[in-house]
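Data block below; observations after.
The values are calculated or read from the model by the stated rules, or taken from the named source; none is laboratory data. All of these numbers come straight from a predicted model, not from anything done at the bench. All Cβ positions, even for glycine, are placed from backbone atoms using ideal geometry, and neighbour counts span all protein chains on display.
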Amino acid sequence: MSESAPHPQSPAPEVPGDPTRRGFSRRAMIGGAGAGILVAAGGVAVGRASAASDEPRPQVVAFRGERQAGIVTEAQDRLHFASFDVITDSRDELIAMLRRWTDAAERMSRGQETVEDGATGLGDYTPPADTGEALGLGAADLTLTIGFGPGLFGPCAADPDRPDRFGIAERKPAALVDLPMFAAEKIEPARSYGDICVQACANDPQVAVHAIRNLARMGVGVVSVRWSQLGFGRTSATTQTQSTPRNLFGFKDGTNNLRAEDTDLLDRWVWVGPEDNPPSAQWMTGGTYLVARRIRMDIEPWDRAHLLEQEQIVGRTKASGAPLGKTDEFDDPDFVVTSGGSPVIPRTSHVRLAHPDNLGGVRILRRGYNFTDGSDGFGHLDAGLFFIAFNRDTGRQFVPMQQTLSRKDAMTEYLIPNGSSVFAIPPGLAPGEWWGQRLFE
């Protein structure tokens, strides 16, 4: 593991004549509350995150490379995540759409319209090819990450009788399996599953929304949106330069998340290796698996809990984020020390149960976002965490972790998971390559 390893998807240098400008979008300053994630203790911190630099940085993140952008890329502040059902049975139509999507995604990641002059230059009596709401906003560090769900290959949780419509069943990776049911969850099919996902992250909410809106529009007749989720306030740090954010419970979270600089750990726990699949599924080598979980947080009861109870549930102090019994956020938690015969960090605390030492060393890379989707019919906030995690083998990493947490974690009293999905995320694109090419060719 190298402390100075370069960021695999670091922002590309600014190109003369590119419409992108240096500096943050004006929208990035609005509503960007800090956030964290609930699986807080997995992973290893290789150093303390420093405060963000005052120096402006390029707004363009490279679209092509060894890995897809939006995984270890420095986590942006805004998210628009969409899951699509493929509604055509034509392989040729699906491939043609993926080609169009790739061209448009690459252009949008540079701060350009989906096609040249697409918003205003196609004539007065022609529907614009680009919806136009991102004109003049720059790229805002937009990343677009695509993935493929189990249903694209045949039977899946959403449709157990689905046929192999596109002749790719034998190319399905063994690790691409729908998540099992966990305790204390209320999964809604309308918020779960899907054949294709696109994760749009940016430092301007309108840029992220524009990207998904235009891809959905371009896919009419081939795909339809199954569900989507807006997110604000990153819930983890994915590089050493990012400070630890807070979640909607008010606690620092993601202290020990994997970082882009942890190259050896990423190779072990995130990136799919050639030995993980037979020859028919080698298109996934260098990729990863994305787990998406919509977790509603029971905000009002949590807010009525006293501070000591909150800290014992989490296992950290609220002010500094230090493990109970320690003084600094990045101190290693001590699960042995006791006070009055009881562990200082309770046996049911989130930090204890989610820590790699108590999970056989398992780690995942988290990249979730907060959400607030109004209120329910009782006047309670429909708010929480849109959990996103990347791992090499979901069945061996995320599933056993979640099985432990769902049964023993005291925090589950305040959590209602109601959306669940898993997607295969292929590796990055070479010059001239299109999304899904290695799968379909």
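Go through (1) within 27 Å of Q437 (Cβ to Cβ); (2) free of Cβ contacts under 8 Å to residues at least 60 places away in the same chain for D276 and report which single condition fails.
Tallying (1) within 27 Å of Q437 (Cβ to Cβ); (2) free of Cβ contacts under 8 Å to residues at least 60 places away in the same chain, D276 fails exactly one: (2).
Quick one: R99 ticks every box in (1) surrounded by fewer than 23 Cβ atoms within 10 Å (Cβ to Cβ); (2) in contact (Cβ under 8 Å) with a residue 60 or more places away in the chain; (3) within 22 Å of the chain's Cα centre (by Cα) except a single one, so which number is it?
(3)
Which pairs have Cβ atoms under 6 Å, sit 6 or more apart or on different chains, and link a residue in the range 329-346 that is touching a residue at least 60 places away in the same chain (Cβ under 8 Å) to one that is in a loop (DSSP other than H, G, I, E, B) and basic (K, R)?
Pairs found: F330/R48.
Each row is one residue, and each column tells you yes or no for (1) within 18 Å of M97 (Cβ to Cβ); (2) more than 21 Å from the chain's Cα centre (by Cα); (3) buried (at least 21 other Cβ atoms within 10 Å of the Cβ).
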{"site": "V177", "(1), (2), (3)": "no, no, no"}
{"site": "A211", "(1), (2), (3)": "yes, no, yes"}
{"site": "R217", "(1), (2), (3)": "yes, yes, no"}
{"site": "G221", "(1), (2), (3)": "yes, yes, no"}
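With touching a residue at least 60 places away in the same chain (Cβ under 8 Å), polar (S, T, N, Q) and under 20 Å from T244 (Cβ atoms) as the only criterion, which of N391, N370 stands out? So that I can check it myself, show each step before the final result.
Details: N391 fails: under 20 Å from T244 (Cβ atoms).
Of the residues listed, the single one that is touching a residue at least 60 places away in the same chain (Cβ under 8 Å), polar (S, T, N, Q) and under 20 Å from T244 (Cβ atoms) is N370.
Quick check on this structure: which one of G321, G384, G374, G379 is farther than 29 Å from C201 by Cα and not basic (K, R)? Reasoning before the result, please.
Details: G321 fails: farther than 29 Å from C201 by Cα; G384 fails: farther than 29 Å from C201 by Cα; G374 fails: farther than 29 Å from C201 by Cα.
Only one candidate qualifies: G379.
Among the listed residues V362, V422, V351, V336, identify the single one that is in a helix (DSSP H, G or I) and either surrounded by 24 or more Cβ atoms within 10 Å (Cβ to Cβ) or of a type in the set (V, I, T) (or both). I'd like the intermediate steps shown before the answer.
On the way: V362 fails: in a helix (DSSP H, G or I); V422 fails: in a helix (DSSP H, G or I); V336 fails: in a helix (DSSP H, G or I).
None of the others qualify; the one that does is V351.
Mind checking which pairs have a first residue in the range 186-209 that is closer than 30 Å to P163 by Cα and polar (S, T, N, Q) and a second that is assigned to a loop (DSSP other than H, G, I, E, B) and at pLDDT 95 or above, Cβ under 7 Å, 6 or more apart or different chains?
Filtered contacts from the range 186-209: Q199/G70.
Are any of the residues in the range 177-193 within 21 Å of Q437 (Cα to Cα) and assigned to a loop (DSSP other than H, G, I, E, B)?
No, the conditions are met nowhere in the range 177-193.
Going by what's in this entry, would L152 be described as touching a helix residue (DSSP H, G or I) at 6+ places or on another chain (Cβ under 8 Å), of a type outside the set (V, I, T), closer than 25 Å to N277 by Cβ and buried (at least 18 other Cβ atoms within 10 Å of the Cβ)? Working first, answer last.
Working: touching a helix residue (DSSP H, G or I) at 6+ places or on another chain (Cβ under 8 Å): no; of a type outside the set (V, I, T): yes; closer than 25 Å to N277 by Cβ: yes; buried (at least 18 other Cβ atoms within 10 Å of the Cβ): yes.
The answer is no for L152.
R296 is checked against (1) part of a strand (DSSP E or B); (2) touching a Leu at 6+ places or on another chain (Cβ under 7 Å); (3) not aromatic (F, W, Y) and fails just one. What number does that condition carry?
The number of the failed condition is (2).
Taking into account only those residues within the range 222-246 that are modelled with pLDDT under 95 and in contact with a Gly (Cβ under 7 Å, 6 or more places away or on another chain), which is farthest from L79 (Cα to Cα)?
Taking the candidates together, the pick is Q240.
Considering A129, A104, which residue is in contact (Cβ under 8 Å) with a residue 60 or more places away in the chain and on the phi < 0 side of the Ramachandran plot?
Numbers: A129 fails: in contact (Cβ under 8 Å) with a residue 60 or more places away in the chain.
The conditions single out A104.
Just to be sure I understand, how many residues within the range 231-256 are part of a loop (DSSP other than H, G, I, E, B), farther than 19 Å from A305 by Cα and either under 12 Å from the mean Cα position of the chain (by Cα) or among the hydrophobic types (A, V, I, L, M, F, W, C) (or both)?
Adding up the residues that qualify gives 4.
Find the residue count for the range 402-419, including only residues that are buried (at least 20 other Cβ atoms within 10 Å of the Cβ) and either of a type in the set (S, T, N, Q) or modelled with pLDDT under 95 (or both).
Adding up the residues that qualify gives 2.
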